[in-house]
């Protein structure tokens, strides 16, 4: 007997399947451990791999009459160790905050500060003048000033007479 497709199946173009006929994929079946791996002690390793996590740098971004300003806290990072890449519509800030391990991990009551590499890419709301951008750091606060392109600016172009 042929089953008539439901309204939803006709609307979406999908076909219903019978759960009893559904065969499990290999990804749902447990992986069998071979004798060699059992002898060598390589069993399931439930410990998560320690990947180096890159932090995201929190920022403030605002505009003045003629510029876009980005501020970020970079305390503990030398200004020369910051990598700032600028395009007409995007800014990327990268760096690394080195941890000074003064006491062992088990002696801490709280650990909330971020240590390690960080990066942040910011899409800008307007085009900027790359060559006029400035960055300064004072007391751990990085401030990047990005002059905006004046799209309303017009100039008169004189036509030269050819010979």
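Conditions tested, residue by residue: (1) part of a loop (DSSP other than H, G, I, E, B); (2) touching a helix residue (DSSP H, G or I) at 6+ places or on another chain (Cβ under 9 Å).
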residue	(1), (2)
65	yes, no
69	no, no
101	yes, no
137	no, yes
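Each residue in segment 82-99 was checked for being within 18 Å of residue 130 (Cβ to Cβ), touching a helix residue (DSSP H, G or I) at 6+ places or on another chain (Cβ under 8 Å) and not in a loop (DSSP other than H, G, I, E, B), and 1 pass. Among the residues of segment 131-163, the ones that are surrounded by 10 or more Cβ atoms within 10 Å (Cβ to Cβ), at pLDDT 90 or above and under 22 Å from residue 90 (Cα atoms) come to 14 in all.
The values are calculated or read from the model by the stated rules, or taken from the named source; none is laboratory data. Everything quoted here is computed from the prediction, not taken from an experiment. So basically every Cβ, Gly included, is an ideal-geometry build from the backbone, and we count neighbours across all protein chains shown.
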